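Working notes for the structure below.
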Amino acid sequence: MPKSLRVLLGATVVVALGAAATLWATAAGAAHTATAPTVTIVYGTAPDYLDPQKTYTTQGGEATWVSYLGLYTYAHKTGTAGGIVIPALASGLPTVSNGGKTYTMTLRKSLVYSNGKPVQATDFAYSIERAIKLTWGGDSFYTGNIVGALAYSKGTATSISGIVANNATGQITIHLLGPYGAFLNVLAFPSSGFVPTGTAMTNLSNTPPPGVGPYMITNVVPNKSWVGAVNPYYAKEAIAGIPVASVTIDAKVESNTATETEDVLSNTADLFDTGDSLTPSLLAQIKSTAASRYSTIPVVQNFYFFLNTKEKPFNSQLVREAVDLAIDRRVLSKLSGGTIVPGCFFLPPGMVGHPTGACPYGINPDGAPNVAKAKALIKQSGDLGTAVTVYSQERVPRTQYCAYWASVLNEIGLKATIKPVADALYFPTIGTLKLHPQTGFADWDEDFPNPADFYLLLDKNSIQPTNGLNYGEVNDPKIQNAITKLDAIPSSQLNQYAGDWTALDEYTATKAYDIVFGYQTWPEFTSTRINFKDLIVQPSYGWDWTSIHLNG
Amino acid sequence: MIRFVLRRLLSCIALLLAISILTFLIFEAMPNSNPALRLAGRTATQVQIDAVEREWGFNKPIYVQYYRTMEKIFTGSVISYTQGINVESQIVSDLPPTLSLAIGAGIIWFFFGVVFGVLAAVRAGRWLDRALTVLSLIGVSTPVFFLGAMLSFYLGFKAGLFPNGDYVNITTNPVQWLYHMILPWCALSAVFIGVYSRVLRSTILDMVNDDFVRTARAKGLTERQVMVRHILRNSLIPIVSLWGLDFASVIGGGAILTESVFNLQGVGEYAAQSIQLLDVPPVLVITMFGAFFVVLLGAVVDIVHAWLDPRVRLSA
Amino acid sequence: MATPINPLERLDEQAVAGAADPPFAAEGADLPPGLGPYKIAWRRLRHNYVALGFGGLFLLILAMCLLAPVYAADIAHIGPNDESQAFNALGPTGIPIGPTWHAHFFLGADTNGRDVAVRLLYGGRTSLFVGAVATLITMVVATVLGTIAGYARGAIDGLLSRFFELLWAYPALLLGIALGVSLQLGGLNVGLFTLHGSSLMVPALVIGVVYIPYVAKPIRAQVLTLREREFVDAARQQGLGPVRIMVGEILPNLSSTIIVFIPLILANAILLEAGLSYLGAGVQPPNPSWGTMISDGIRLIPAAIHLTIVPGVMLVLAVLGINVFGDGLRDALDPRAQVKVRFAKVRRSKAAPAAAAEDTGR
């Protein structure tokens, strides 16, 4: 065979093999794509879990709160009206007796799960037990309030003695350790949502269990995508105040917020995850060309740097005051892409008790910091040059907040170094008591519209060996007494005690145990297909899927 | 020929074995902290770490560990603990963009490299020659991810001539597929074109004085005939083997840098994301398979080279 | 990107392997009396203005980076991690300002409100340091191992050659990633020698190891031929031991090969460091490096392109400087340059015989 022909043949073989490989792989890839969605929501972070008794993030909660109704749920309304609790699987509001320690309610009749199986009253106890068994992040709301729940979690009891359910009558009675005004809110958590008795006590995020609700979660590809399908059984049992689903949700995780933003801007995707930040480089374009489908809503969420009040240097009031004065909250707002509203009080605006007066020490959150005074205070305290480790998350922009914080500490005379911790492990890490973290980033998003939820973080009982929430080990008798008194107030009487909460929060600000730098706003951003006016954003969970309708 | 092929394949297999051992050692036997901790990822709890330790056999002797690791890899059961997915199935579904990128770029740089190389050799000393020298030097000095970013910004975002990245499956829409691949192809081939044209040029120029060329000229063939029939054919042979190796290393590695800039969501980007997360199982599998692919393709190229040029068989 | 290892290296390998003589005939053939081989090379290099110019460019960049603290303290008045000016450096939505061309924020700010010019110089220090140390590791280890392999032959050579083949077969970037990720997670702990995962020595070590075979194989090939030379025989007759021979006789003859490899490896090492740092398997924050700066910048491409361009251009200029100078160096030391000169005569003899004597170089 002549030389040239051989070369040609050799080259052709290689190219042909390559082309065949591409085609094969392409076909294989094509086979993996899901069926055509109706509405797409894009996320920058995958949900931690899609199991109702495991998830504790907005991404997961958004799917589970409309797929796993519990005895109660939140009203499907915008703004503060969306924080009101309404009956879901319970037939009405509970009867509260025994000084606020006993709750009695009746299960609605003829309820069925998304697999058609009937709902039983005893499923409620099972669901709570499952949440405790799976160590849901907020399980202390159960173990700290329901009689027998702590014993169950420790393994000394095989069921929760404080929950009594009768399948024949459908009556459920819950006994509490002490009056807890926000208990109705605890019953409205998605983790309190019903799952059938006998559901495996393991993380079922990849194959979510059946539930009652307008939606059901299917087709889960972990960390990539999931589908919110219409629950065919819900239309028949449609509960007042909880609308039926009208679109199928195709949820997708994108690798970065820039792609996410572009997708919605170009109408390739329909809704932008409320828990993400729009990429700053496109914000100007969005505001000018897509103003009719974009807005921001204030969220009851604070951002702060916790300070370890038990160790040097932050056990000194002078040092705490110094860092409070030195931080430029406007910079942090800029680092957030402008989504954070600067502030200094622990209770955010929109929460009962948020102080409207001036910040202590002459701090102006919207103005320049007082670095000179801060430096003087540090010198005065004698803690100049103390080494400080700043715990930091790794995702943007939180890693930037911490880099800025370290820079501020260095500027005024401390020696700060940053210790990055993987995002998913961050909060458990800073909640590990024996590490005694000196300072780091933290935030709190309201679980329910009651200041008691936020003051959980300053409660000495939240100092735990593991998964503690009081990162700075704050133990202030004045705060403690106030919490004990105000926690017992039922939610319905909250407004009468607003003044007490305000006074407490103003006191907390003067102690500067936690350096609050701002409050969150969420973006509401959709494609042109979506009916923007009808949309509801649930203050704790994000998009209300039942409010998503297409235009025209 | 058969003996050559067998010998080559044998040494290839030995090399593959050595590579698997080296990869295993790098990830699991480094004289530093707990390998279970490394595999389980930075988000693992102590319970998960213990489970990983049992599953991969870190409490057993090292050859058991190696065997378990290879078993997991070759039965497709490596799980990424951080992301909770099966690594190999993820790799398979991510192959189309990577193959599109590598094959397309490979064809482009081979074609242009040869064309420019021949032109430069024929017109040595003129502007094309110098231009190619400059291009090749810049190409060798520029990181491909920077070049990709510049192309994406100036031609994609600013000029709006090309899309801003992402990948469209060829079966979904071939035209869009092509449209989205042009910038990544340019970024990846630019690095190679300059170099290949210079290598080809040098090879051709060196051959011009060889005996067989002088003989051809003496026989009365025109310069063009000499060039095409003798010089080009012979100088292409080393280029082809060079191309094979570089193509393999693009799939094995260079694609990682290009894909992440253009968000092509291929194997390379998957590797890049796993590196960012310090998620070891995907990195382990991808580096090993990448190295495997390079070695295998190297063996294939050697065999093709030997088939084309019998002198090589003797020196093996 | 370094993945296509400069094929010029492969040519070097072939050239060196095929060359029966070391670059300079020890007998001094047609050299003017009294001028050593390096003098000849220097003469050639001196006339290569392009190579000298680019070499100077690299030295300029190196000097600027070494003077980073001076720039930070006296000109920009801000350190590389100092965010105290962040309020002025960031727009309302966090978009950093572009180059101001004044002392403050000369090249603009980064997403954290830090001075890009200051970070560029500090980043250069890191990148160049890692590259230099890696090159040092490669050259020393590869020379030693290559010489031993070539001289000892037999089983030792077999073992070392297998080792070189294995490292060489593993694609450079993948090997760098594998080592980088593994060491980053746990550092290195070998007896007394401990390296923390975020130390700068980790990427330097990784890159140094990756390039060993690219130098060791040609050196071994050259040593294989050198050991058959008469002067080696003579040394053996004199009763000199193998180490004395390797160090005293063989090593000096490797010097030009070594010299030629240094800029080649340095350029590739810097590029590999940029690639690894870009991916996150190289230099770790908060240490700035050109690679990490580019990866930060790419995130913000439409809004703040200066974040990508500045470190990228600097990187290209530095590596280009090394590469062009390295090419010139190779030309000056490499007798193959003679081939090109000769060839030029043949090519042009039809059109301009007068121009034939000119060394057209490349």
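The values are calculated or read from the model by the stated rules, or taken from the named source; none is laboratory data. Computed from a predicted model, the values in this text were never measured in an experiment. Note: ideal-geometry Cβ built from the backbone for every residue, glycine included; neighbour counts use all protein chains shown.
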- Message: Considering only the range A:281-293, I want to know if a residue exists there that is within 20 Å of A:I249 (Cβ to Cβ), assigned to a strand (DSSP E or B), within 26 Å of the chain's Cα centre (by Cα) and modelled with pLDDT of 85 or more.
- Response: no
- Task: Those residues that are in contact with a Lys or Arg (Cβ under 9 Å, 6 or more places away or on another chain), part of a helix (DSSP H, G or I) and more than 8 Å from every other protein chain (Cβ to nearest Cβ), I need them from the range A:403-416; list them, please.
- Result: A:L409, A:I412
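For every residue, the table says whether it meets (1) within 27 Å of B:V78 (Cβ to Cβ); (2) facing another protein chain (nearest Cβ under 9 Å).
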site	(1), (2)
B:L242	no, yes
B:F247	yes, yes
B:L278	yes, yes
B:D302	no, no
- Query: Do you know which residues across the range A:268-314 are within 14 Å of chain C (Cβ to nearest Cβ) and hydrophobic (A, V, I, L, M, F, W, C)?
  - Reply: A:L278, A:L282, A:L283, A:A284, A:I286
- Task: Kindly indicate which of C:I301, C:I294, C:I309, C:I305 is at pLDDT 85 or above, at the interface with another protein chain (Cβ under 7 Å from one of its Cβ atoms), within 22 Å of C:F106 (Cβ to Cβ) and surrounded by fewer than 23 Cβ atoms within 10 Å (Cβ to Cβ).
- Result: C:I305
- Query: Right, A:Y455: at pLDDT 90 or above, away from chain C (no Cβ under 13 Å) and under 29 Å from the mean Cα position of the chain (by Cα) or not?
  - Reply: yes
- Residues of the range C:265-290 that turn out to be at pLDDT 90 or above, closer than 23 Å to C:Y214 by Cα and not acidic (D, E), as a count: 12
- Residues being among the polar types (S, T, N, Q) and touching a Lys or Arg at 6+ places or on another chain (Cβ under 8 Å) - total across the range C:128-174: 2
- Message: Could you check the range B:74-99 and list, in sequence order, the residues that are more than 14 Å from every other protein chain (Cβ to nearest Cβ) and surrounded by 17 or more Cβ atoms within 10 Å (Cβ to Cβ)?
- Response: B:V78
- Task: Among what's in the range B:155-187 and is out of contact with any helix residue (DSSP H, G or I) (no Cβ under 7 Å at 6 or more places or on another chain) and aliphatic (A, V, I, L, M), pick the residue that is nearest to A:S266 (Cα to Cα).
- Result: B:A159
- Tell me, which helices (runs of 4 or more DSSP H) lie completely within the range B:163-280 with 1 or more residues that are in contact with a Ser or Thr (Cβ under 7 Å, 6 or more places away or on another chain), modelled with pLDDT under 80 and closer than 29 Å to C:A178 by Cβ? B:174-207, B:233-249, B:267-277
- Query: Based on what the data block shows, is A:L535 within 25 Å of the chain's Cα centre (by Cα), surrounded by 18 or more Cβ atoms within 10 Å (Cβ to Cβ) and assigned to a loop (DSSP other than H, G, I, E, B)?
  - Reply: yes
- Note on the structure: When restricted to A:A229, A:A238, the only residue under 28 Å from A:L89 (Cβ atoms), touching a Ser or Thr at 6+ places or on another chain (Cβ under 8 Å) and outside any helix (DSSP H, G or I) is A:A229
- Pair list, Cβ under 9 Å, 6 or more apart: the range B:83-102 residue without any contact (Cβ under 8 Å) to a residue 12 or more places away in the chain, other residue among the hydroxyl-bearing types (S, T, Y) and buried (at least 24 other Cβ atoms within 10 Å of the Cβ): B:N86/B:S80
- Selection from the range A:149-179 of residues closer than 23 Å to A:L456 by Cβ and without any contact (Cβ under 8 Å) to a residue 24 or more places away in the chain yields A:A149, A:L150, A:A151, A:Y152, A:S153, A:K154, A:G162
- Item | Lone qualifier among C:I148, C:I177, C:I156, C:I137 - being within 10 Å of another protein chain (Cβ to nearest Cβ) and either β-branched (V, I, T) or assigned to a loop (DSSP other than H, G, I, E, B) (or both) | C:I177
- Do we have B:A299 as in a helix (DSSP H, G or I), under 16 Å from B:L10 (Cα atoms) and out of contact with any strand residue (DSSP E or B) (no Cβ under 7 Å at 6 or more places or on another chain) here? yes
- How many residues are farther than 25 Å from C:A269 by Cβ and surrounded by 12 or more Cβ atoms within 10 Å (Cβ to Cβ) when one looks only at the range C:214-232? 7
- Query: Would you call A:G18 at pLDDT 85 or above, within 14 Å of chain B (Cβ to nearest Cβ) and either surrounded by 22 or more Cβ atoms within 10 Å (Cβ to Cβ) or in contact with a helix residue (DSSP H, G or I) (Cβ under 6 Å, 6 or more places away or on another chain) (or both)?
  - Reply: no
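Residue-wise test of (1) basic (K, R); (2) touching a residue at least 40 places away in the same chain (Cβ under 8 Å); (3) at the interface with chain C (Cβ under 9 Å from one of its Cβ atoms).
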| site | (1), (2), (3) |
| --- | --- |
| B:A255 | no, yes, no |
| B:T258 | no, yes, yes |
| B:V261 | no, yes, yes |
| B:Q265 | no, yes, no |
| B:Q273 | no, no, no |
| B:P282 | no, yes, no |
| B:F289 | no, yes, no |
- Item | Criterion: crowded, with 22+ Cβ neighbours inside 10 Å and of a type outside the set (V, I, T) - qualifying residue of A:P437, A:P360, A:P428, A:P420 | A:P437
- Task: Go through (1) under 30 Å from A:T502 (Cβ atoms); (2) more than 10 Å from every other protein chain (Cβ to nearest Cβ); (3) in contact (Cβ under 8 Å) with a residue 60 or more places away in the chain and name the single condition A:V388 misses.
- Result: (1)
